[in-house]
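Below is one structure, written out as structure tokens, with a few remarks after it.
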Amino acid sequence: MPVKLYTGEGCLAEHGWEIEKYGKRFLILTGRSSASRSGALRCLLSVIGSFGGEYLLYDRIGANPPVSACAEAGREGAAFGAEAVIGVGGGSPLDAAKAAAVFLANPSIGEEELYSRAWPSGPAPVILVGTTAGTGSEVTPVSVLTDSKGRKHSIRDDAVYASLAFGDPSFTYSMPRALTLSTGIDAVAHCVESWFSKKATDLSRAASASGIRKIVGPLSAVAAGGELTPDERSDIYSGSLLGGIAISVTGTCFPHNVGYYLTESRGLSHGLACAVFMEDLLRFELGICPEYASALFRDSGTSFEGLSALAAGCLAGSAAEEISMTEDEIERVLPRWENAGSVKNTVGAPDLNCLSGILRNHFLKLR
Ligand code: NAP
Ligand code: FE
């Protein structure tokens with residue numbers, strides 16, 4: 001994991017001087033308001049001002065960012081003469097920053113070349129400042145975007161790793177309860193899915209297990225209506241970065257890919273969409289490799305019941321139509337997962353028949 005990563009409260013103010021190593025002119029990508037509300041943008045601009053840097057702010061990155069917005073931002077950045085891209089926000093602005101860095105270095109390429117990775121020049125340097133504790137995008141070589149057909153479609157390439165990232169938990173204090181739950185459960189999903197990836201290693205498993213240990217206690221307290229202390233916020237953020245490190249090695253499993261469909265079709269937030277299938281993955285793996293599944297519960301201090309209850313607690317505020325599918329719909333969309341990497345990557349690699357059974361069991365049980 002080649003990212004130079006600073007963590008802990010105050011880390012951007014303390015180590016932000018490193019940003020100057022990447023130039024004097026920056027393209028900054030944010031969402032509409034959270035970069036300001038969280039305090040992250042103010043801190044970043046003060047750091048850039050301290051060394052006389054200049055910036056162009058592109059503050060129109062919404063959830064599930066479309067490639068078109070990344071291209072527009074990257075081209076505006078190129079016209080401005082930006083030398084590096086800084087993403088400030090949750091996973092959406094951070095992922096958009098990785099793609100905008102490709103367009104900044106290659107303003108004339110289109111969506112097809114972005115995805116085929118036929119980039120005449122390597123991306124501009126990327127610097128990331130997180131404001132949610134969930135995706136781990138700060139430390140992954142992945143940018144999840146929405147393509148021109150409206151599908152969530154990722155780029156995975158070592159060239160889009162950030163050069164520098166800041167995981168300052170104080171920027172997550174402004175997250176409301178629902179966002180804390182939806183982003184926190186995404187991080188737990190990364191840890192769990194990474195464990196059940198065919199590519200898991202001793203080190204990725206250590207990151208997964210310790211990520212779960214850090215997150216499950218405080219996130220369960222939030223699901224039960226509790227408030228978080230700064231130390232607990234910090235634990236959840238660290239856990240999300242551990243989850244990001246784990247999926248950098250392994251990628252994710254079927255819940256992420258099937259969850260993308262729920263986000264596209266219902267607008268369900270990414271983390272909740274993955275939470276829908278967490279219990280199904282655990283049950284599937286307990287059937288395939290019970291000892292290996294038990295080792296996850298032992299190493300992370302959790303259980304099948306505990307993780308399933310946490311996912312259910314996070315989903316408790318979702319409307320039934322957001323988290324259910326009819327039998328017809330399942331059959332209609334199933335072919336999209338025939339060659340999906342994260343389905344094949346799942347230990348036990350469920351084929352379409354098996355996946356159909358998992359989804360039918362899940363959704364019919366809900367009725
Ligand atoms: P997000 O889409 O970045 O942000 C969701 C909402 O949270 C936005 O309305 C945002 O407001 C708000 N927000 C962000 N930080 C806040 C704060 N500190 N206080 C108050 N509100 C705040 O959410 P996310 O869950 O972090 O990212 C999800 C995206 O990441 C999905 O597209 C997902 O597929 C992707 N993802 C990427 C990876 C990876 O490895 N790259 C892994 C998993 C998921 P503003 O709009 O004002 O900013
Ligand atoms: Fe995720």
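Ellipticity at 222 nm from helices only: DSSP H runs of n ≥ 4 in the chain, each -39500 (n - 2.57), divided by the residue count, give -16500 deg cm²/dmol.
Computed over protein heavy atoms with a 1.4 Å probe, the accessible surface of the chain works out to 39 Å² per residue. Given a 1.4 Å probe and every protein chain left where it sits, what share in percent of the accessible area of the chain is carbon and sulfur? Ligands and nucleic acids excluded, carbon and sulfur reach 52 percent. Restricted to Cα atoms, the range 20-156 shows a radius of gyration and a Dmax of 13.7, 43 angstrom. For the residues Ala223, Ala162, Ala101, a GNM of the chain with alpha-carbon springs under 10 Å puts the largest fluctuation on Ala223.
Which of Leu352, Leu41, Leu282 moves most in a GNM of the chain, Cα contacts under 10 Å? With Cα springs under 10 Å in the chain, the top fluctuation among Leu352, Leu41, Leu282 is at Leu352.
Karplus-based coupling profile of the range 179-194, in residue order and whole Hz: 6, 4, 5, 5, 7, x, 6, 4, 4, 5, 4, 4, 5, 5, 5, 4, with θ = phi - 60° in 6.51 cos²θ - 1.76 cosθ + 1.60 and x standing for Gly or Pro.
Pull up the DSSP beta bridges for the chain and report the antiparallel fraction as a percent, rounded to 5.
Values: 6 of 28 bridges.
For the chain, the DSSP antiparallel bridge percentage is about 20.
Rounded to the nearest Å, what's the spacing between the alpha carbon centres of the range 220-248 and the range 120-181? Just the number, please. Each part reduced to its Cα centre gives a spacing of 17 Å.
The values are calculated or read from the model by the stated rules, or taken from the named source; none is laboratory data. Remember, predicted model here, so these are calculated numbers, not experimental data. The protein model used for the area step is the full one, side chains on, heavy atoms only, and it has no ligands, DNA or RNA in it. Shrake-Rupley method; radii C 1.70, N 1.55, O 1.52, S 1.80 Å.
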